[in-house]
Amino acid sequence: MKAKPQIIITIFLAFSISLISEPFEKCTTIFSEDSLTVFYQQKYGKGQSSNSISIPVVVHVVYNSSSQNISDAQIITQINALNEDFRKMVGTRGYNTNSVGADTKIEYRLADRDPNNNLTNGVTRNYSSQIYFDNNSTDHQKLQSISYWNSDKYLNIWVVPAISAFGVGYVTKFPWESGDPRGVAIVSIYFGDNVGTTTSPYYLGRSASHEIGHYFGLYHTFQGGCPNGNC
(Lines give C-alpha, C1' and ligand atoms only; values in the text may rest on other atoms or scores of the structure.)
Protein backbone atom coordinates (compact mmCIF):
# COMPACT_ATOMS: atom_id res chain seq x y z
CA MET A 1 0.00 0.00 0.00
CA LYS A 2 1.60 3.27 -1.05
CA ALA A 3 1.37 6.06 1.48
CA LYS A 4 -0.17 9.49 1.08
CA PRO A 5 2.45 12.26 0.78
CA GLN A 6 1.68 13.89 4.09
CA ILE A 7 1.95 10.56 5.86
CA ILE A 8 5.49 9.98 4.60
CA ILE A 9 6.54 13.47 5.63
CA THR A 10 5.25 13.17 9.20
CA ILE A 11 6.25 9.60 10.01
CA PHE A 12 9.79 10.52 11.09
CA LEU A 13 8.33 12.13 14.21
CA ALA A 14 6.69 9.03 15.59
CA PHE A 15 9.29 6.75 17.08
CA SER A 16 11.73 8.71 19.23
CA ILE A 17 10.31 7.31 22.43
CA SER A 18 7.89 4.51 21.54
CA LEU A 19 10.53 1.92 20.63
CA ILE A 20 12.74 2.19 23.71
CA SER A 21 11.06 -0.80 25.37
CA GLU A 22 13.35 -3.11 23.42
CA PRO A 23 17.15 -3.04 23.03
CA PHE A 24 18.73 -2.01 19.74
CA GLU A 25 17.88 -4.63 17.16
CA LYS A 26 19.89 -6.05 14.30
CA CYS A 27 18.08 -4.35 11.48
CA THR A 28 19.71 -5.18 8.15
CA THR A 29 18.11 -2.25 6.31
CA ILE A 30 20.61 0.20 4.77
CA PHE A 31 19.84 3.29 2.73
CA SER A 32 21.36 6.51 1.45
CA GLU A 33 20.64 9.83 3.16
CA ASP A 34 21.25 11.67 -0.11
CA SER A 35 18.71 9.60 -2.02
CA LEU A 36 16.06 10.15 0.64
CA THR A 37 16.62 13.91 0.70
CA VAL A 38 16.24 14.15 -3.07
CA PHE A 39 13.12 11.99 -2.93
CA TYR A 40 11.47 14.32 -0.43
CA GLN A 41 12.44 17.46 -2.31
CA GLN A 42 11.21 16.20 -5.66
CA LYS A 43 8.07 14.34 -4.71
CA TYR A 44 6.50 15.85 -1.65
CA GLY A 45 5.54 19.09 0.04
CA LYS A 46 5.20 19.74 3.73
CA GLY A 47 2.02 19.45 5.73
CA GLN A 48 -0.01 17.12 7.88
CA SER A 49 -3.50 15.79 7.37
CA SER A 50 -6.14 15.53 10.07
CA ASN A 51 -7.44 12.34 8.45
CA SER A 52 -6.11 8.87 9.16
CA ILE A 53 -5.34 6.22 6.57
CA SER A 54 -6.12 2.54 7.10
CA ILE A 55 -3.68 0.14 5.44
CA PRO A 56 -4.73 -3.45 4.66
CA VAL A 57 -1.98 -5.87 5.66
CA VAL A 58 -1.28 -9.36 4.38
CA VAL A 59 1.00 -11.47 6.55
CA HIS A 60 2.76 -14.23 4.60
CA VAL A 61 3.90 -16.81 7.14
CA VAL A 62 6.85 -18.67 5.58
CA TYR A 63 7.78 -21.62 7.76
CA ASN A 64 10.16 -24.56 7.76
CA SER A 65 9.04 -26.09 11.06
CA SER A 66 5.70 -26.15 12.84
CA SER A 67 6.89 -23.70 15.52
CA GLN A 68 7.57 -21.11 12.81
CA ASN A 69 3.98 -21.39 11.55
CA ILE A 70 2.82 -18.85 14.11
CA SER A 71 -0.79 -18.57 15.23
CA ASP A 72 -3.38 -16.06 14.09
CA ALA A 73 -3.51 -14.84 17.69
CA GLN A 74 0.21 -13.99 17.64
CA ILE A 75 -0.25 -12.12 14.35
CA ILE A 76 -3.14 -10.09 15.77
CA THR A 77 -1.01 -8.93 18.70
CA GLN A 78 1.51 -7.62 16.19
CA ILE A 79 -1.14 -5.63 14.30
CA ASN A 80 -2.27 -4.19 17.62
CA ALA A 81 1.32 -3.18 18.48
CA LEU A 82 1.67 -1.40 15.14
CA ASN A 83 -1.45 0.63 15.83
CA GLU A 84 -0.24 1.49 19.34
CA ASP A 85 3.02 2.83 17.95
CA PHE A 86 1.82 4.60 14.83
CA ARG A 87 -1.22 6.17 16.54
CA LYS A 88 0.61 6.99 19.81
CA MET A 89 -2.14 5.31 21.80
CA VAL A 90 -2.51 6.46 25.40
CA GLY A 91 -1.91 3.71 27.94
CA THR A 92 0.26 1.60 25.63
CA ARG A 93 3.97 1.33 24.84
CA GLY A 94 3.28 3.43 21.77
CA TYR A 95 2.48 6.52 23.81
CA ASN A 96 5.05 9.14 24.74
CA THR A 97 5.18 12.75 25.90
CA ASN A 98 8.26 13.71 23.90
CA SER A 99 7.98 17.01 22.03
CA VAL A 100 8.56 15.33 18.66
CA GLY A 101 6.44 12.26 19.33
CA ALA A 102 3.50 12.23 16.93
CA ASP A 103 0.38 10.38 15.96
CA THR A 104 1.20 9.50 12.33
CA LYS A 105 -2.48 8.96 11.48
CA ILE A 106 -1.59 5.54 10.03
CA GLU A 107 -3.65 2.52 11.07
CA TYR A 108 -3.19 -1.15 10.19
CA ARG A 109 -5.72 -3.94 9.73
CA LEU A 110 -5.50 -7.45 8.38
CA ALA A 111 -6.95 -7.52 4.87
CA ASP A 112 -10.48 -8.92 4.59
CA ARG A 113 -10.40 -9.36 0.80
CA ASP A 114 -7.67 -11.04 -1.25
CA PRO A 115 -6.54 -9.87 -4.72
CA ASN A 116 -9.40 -11.86 -6.28
CA ASN A 117 -11.93 -10.18 -3.98
CA ASN A 118 -12.45 -13.36 -1.98
CA LEU A 119 -12.91 -13.20 1.78
CA THR A 120 -9.65 -13.64 3.70
CA ASN A 121 -8.26 -13.29 7.20
CA GLY A 122 -5.21 -11.50 5.79
CA VAL A 123 -2.82 -14.40 6.44
CA THR A 124 -1.17 -16.82 4.01
CA ARG A 125 0.75 -19.89 5.16
CA ASN A 126 3.54 -21.31 3.05
CA TYR A 127 5.98 -24.14 3.75
CA SER A 128 9.52 -23.56 2.47
CA SER A 129 12.60 -25.78 2.48
CA GLN A 130 14.66 -22.58 2.70
CA ILE A 131 15.35 -21.33 6.23
CA TYR A 132 17.39 -18.14 5.79
CA PHE A 133 15.88 -15.24 3.86
CA ASP A 134 18.49 -12.50 3.73
CA ASN A 135 18.33 -8.91 2.57
CA ASN A 136 19.39 -9.42 -1.03
CA SER A 137 17.64 -9.47 -4.39
CA THR A 138 17.77 -13.27 -4.69
CA ASP A 139 15.91 -13.84 -1.44
CA HIS A 140 13.55 -10.93 -2.13
CA GLN A 141 12.53 -12.64 -5.36
CA LYS A 142 12.17 -15.95 -3.54
CA LEU A 143 9.76 -14.39 -1.07
CA GLN A 144 7.81 -12.85 -3.93
CA SER A 145 7.54 -16.24 -5.63
CA ILE A 146 6.29 -17.87 -2.42
CA SER A 147 3.49 -15.35 -1.80
CA TYR A 148 2.97 -11.72 -2.77
CA TRP A 149 -0.03 -9.41 -3.16
CA ASN A 150 -0.13 -6.18 -5.16
CA SER A 151 1.71 -3.54 -3.10
CA ASP A 152 -0.54 -0.79 -4.49
CA LYS A 153 -3.33 -2.36 -2.44
CA TYR A 154 -1.63 -4.19 0.45
CA LEU A 155 1.29 -3.95 2.83
CA ASN A 156 3.11 -7.27 2.45
CA ILE A 157 4.80 -8.64 5.57
CA TRP A 158 6.75 -11.89 5.35
CA VAL A 159 7.28 -13.73 8.62
CA VAL A 160 10.36 -15.83 7.93
CA PRO A 161 12.22 -18.60 9.79
CA ALA A 162 15.55 -16.77 10.01
CA ILE A 163 17.83 -14.06 8.62
CA SER A 164 21.59 -14.66 8.53
CA ALA A 165 23.91 -13.12 11.12
CA PHE A 166 21.07 -13.12 13.65
CA GLY A 167 19.17 -10.45 11.77
CA VAL A 168 15.74 -9.41 12.98
CA GLY A 169 14.15 -7.80 9.94
CA TYR A 170 14.45 -5.58 6.89
CA VAL A 171 12.48 -3.70 4.23
CA THR A 172 12.77 -4.83 0.61
CA LYS A 173 12.07 -1.42 -0.99
CA PHE A 174 12.02 2.21 0.10
CA PRO A 175 9.33 4.65 -1.07
CA TRP A 176 11.66 6.21 -3.65
CA GLU A 177 12.64 2.85 -5.17
CA SER A 178 10.73 1.25 -8.01
CA GLY A 179 9.95 -2.38 -8.67
CA ASP A 180 8.82 -5.41 -6.72
CA PRO A 181 8.66 -7.02 -4.28
CA ARG A 182 7.72 -4.26 -1.87
CA GLY A 183 7.29 -5.17 1.77
CA VAL A 184 8.87 -6.07 5.10
CA ALA A 185 10.46 -9.29 6.38
CA ILE A 186 10.55 -10.15 10.11
CA VAL A 187 11.83 -13.30 11.83
CA SER A 188 8.95 -15.30 13.31
CA ILE A 189 10.19 -15.25 16.93
CA TYR A 190 10.26 -11.43 16.82
CA PHE A 191 6.79 -11.00 15.34
CA GLY A 192 4.05 -10.39 17.91
CA ASP A 193 3.68 -8.79 21.31
CA ASN A 194 4.85 -11.07 24.14
CA VAL A 195 2.81 -14.10 23.08
CA GLY A 196 3.24 -17.47 21.40
CA THR A 197 6.77 -18.02 20.11
CA THR A 198 8.02 -14.45 20.64
CA THR A 199 11.49 -14.48 22.17
CA SER A 200 13.56 -12.00 24.16
CA PRO A 201 15.00 -9.47 23.57
CA TYR A 202 12.73 -8.46 20.65
CA TYR A 203 9.46 -9.89 21.89
CA LEU A 204 7.22 -6.81 22.16
CA GLY A 205 6.36 -6.35 18.49
CA ARG A 206 8.47 -3.23 17.95
CA SER A 207 10.75 -4.78 15.32
CA ALA A 208 7.89 -4.63 12.83
CA SER A 209 7.22 -1.00 13.81
CA HIS A 210 10.89 -0.26 13.18
CA GLU A 211 10.98 -1.87 9.73
CA ILE A 212 7.65 -0.45 8.59
CA GLY A 213 9.06 2.95 9.54
CA HIS A 214 11.79 2.26 6.96
CA TYR A 215 9.09 1.14 4.51
CA PHE A 216 7.70 4.68 4.65
CA GLY A 217 11.12 6.34 4.49
CA LEU A 218 12.11 6.71 8.15
CA TYR A 219 15.81 7.11 8.99
CA HIS A 220 17.65 5.27 11.68
CA THR A 221 18.12 7.72 14.54
CA PHE A 222 21.87 7.38 14.00
CA GLN A 223 21.74 8.14 10.26
CA GLY A 224 24.79 10.26 9.44
CA GLY A 225 26.63 9.24 12.60
CA CYS A 226 26.51 10.02 16.31
CA PRO A 227 28.33 13.30 16.96
CA ASN A 228 27.93 12.97 20.72
CA GLY A 229 28.81 9.29 20.81
CA ASN A 230 25.28 8.50 22.04
CA CYS A 231 22.67 7.10 19.66
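At 7 Å along Cα-to-Cβ for each site, give me the label-to-label distance between THR221 and ASN118 in nm.
That separation, rounded to one decimal, is 4.4 nm.
Count charges around LYS173 for me, please; just the other residues with Cβ under 9 Å from its Cβ, Lys/Arg as +1, Asp/Glu as -1.
So the surrounding residues net to -1.
Suppose each label sits 7 Å from its Cα in the direction of the beta carbon; what would the SER66-MET89 distance come out to in nanometres?
Result for the modelled spin labels: 3.2 nm.
For the range 64-81, take each phi angle, set θ = phi - 60°, evaluate the Karplus expression 6.51 cos²θ - 1.76 cosθ + 1.60, and give the result in whole Hz per residue in order, putting x for glycine and proline.
10, 10, 4, 5, 7, 7, 5, 6, 4, 4, 5, 5, 4, 5, 5, 4, 4, 5
Once the piece of chain linking SER128 and ASN51 is laid out straight, how much longer is it, given 0.36 nm per residue of separation minus the C-alpha distance between them?
Difference between extended and current length: 23.7 nm.
Which residues' amide hydrogens lie under 5 Å from the amide hydrogen of VAL123, considering only partners 5 or more residues apart or on another chain, with H built in the peptide plane?
So VAL123 has HN proximity to VAL59.
Tell me, what is the per residue accessible area of the range 91-231 in Å², probe radius 1.4 Å?
Accessible area per residue: 45 Å².
Heavy atoms only, probe 1.4 Å: what % of the accessible area of the range 94-141 goes to carbon and sulfur, would you let me know?
44
Provide Rg and Dmax in Å for the range 92-231, with only Cα atoms included in the calculation.
Cα-based Rg and Dmax for the range 92-231 come out at 16.2, 53 Å.
Please give the FRET efficiency for ASP180 paired with ASN228, using the beta carbon to beta carbon distance and R0 = 25 Å, rounded to the nearest 0.05.
0.05
Could you give each residue of the range 114-123 its phi-based ³J(HN,Hα) in whole Hz, using Karplus coefficients 6.51, -1.76, 1.60 with θ = phi - 60°, and x for Gly or Pro?
Values per residue, Gly and Pro as x: 8, x, 9, 6, 8, 4, 8, 9, x, 10 Hz.
Can you give the percent of C-alpha pairs in the range 169-231 whose distance is more than 17 Å?
I get 52 percent for the Cα pairs in the range 169-231 exceeding 17 Å.
Among the listed pairs LYS26/LYS142; LYS153/LYS173; LYS105/LYS153; LYS88/LYS173, which have their C-alpha atoms separated by more than 20 angstrom in this model?
LYS26/LYS142; LYS88/LYS173, as the Cα separations exceed 20 Å there.
The values are calculated or read from the model by the stated rules, or taken from the named source; none is laboratory data. Predicted model, so just to flag it, every value in this text is computed and none were measured. When we count neighbours, we look across all protein chains shown, and the Cβ atoms used for this are built from the backbone with ideal geometry, even at glycine. Surface accessibility is based on the protein's heavy atoms, side chains included, excluding ligands, DNA and RNA. Shrake-Rupley method; radii C 1.70, N 1.55, O 1.52, S 1.80 Å.
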